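The values are calculated or read from the model by the stated rules, or taken from the named source; none is laboratory data. Everything quoted here is computed from the prediction, not taken from an experiment. Quick reminder, even Gly has a Cβ in these numbers, built from the backbone with ideal geometry, and neighbours come from all protein chains shown.
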Amino acid sequence: MRLVYVADIRKLEQTAGFDEPGLHDPEVQKSYSYVDAGLIAGNVYLFAASRGLAAWFHNCDRTALSAALGLSDSQRPLFGQTVGYPKGPDP
């Protein structure tokens with residue numbers, strides 16, 4: 001299975017409540033997106049390991065993936081993560 005982590009920058013502007021300092025700065029937005037993707041990927045790794053599965057967090061062709069998924073300008077693919085059965089021993 002392949003997971004694709006996508007950040008929708010527009011959603012950061014719609015937060016309610018406390019206005020985090022720097023939240024409207026594109027560099028700060030990137031850092032939040034990358035941290036969130038890393039935290040989610042860590043949980044996927046833990047789940048996969050608990051089920052005897054392997055997981056690989058990897059880069060992706062962001063431009064091609066954006067086009068293939070029909071993402072809007074505010075939606076940005078960040079990383080991919082593949083989960084599956086680990087390779088068995090060679091015969």
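Only residues that are under 21 Å from K30 (Cα atoms), in a loop (DSSP other than H, G, I, E, B) and not hydroxyl-bearing (S, T, Y) were counted in the range 71-91, giving 2. Scanning the range 61-86 for residues that are surrounded by fewer than 17 Cβ atoms within 10 Å (Cβ to Cβ), under 12 Å from the mean Cα position of the chain (by Cα) and polar (S, T, N, Q) turns up Q75, T82.
Of all the numbered requirements in (1) assigned to a strand (DSSP E or B); (2) touching a residue at least 60 places away in the same chain (Cβ under 8 Å), L65 misses one, and that requirement is (1). In the range 33-61, the residue that is modelled with the lowest pLDDT out of those that are over 23 Å from L23 (Cβ atoms) and of a type in the set (D, E, K, R) is D61. Considering every residue within the range 2-17, establish whether at least one is in a loop (DSSP other than H, G, I, E, B) and at pLDDT 95 or above. No, the range 2-17 has no match at all. For Q75, the conditions (1) touching an Asp or Glu at 6+ places or on another chain (Cβ under 7 Å); (2) at pLDDT below 90 are fulfilled apart from (2).
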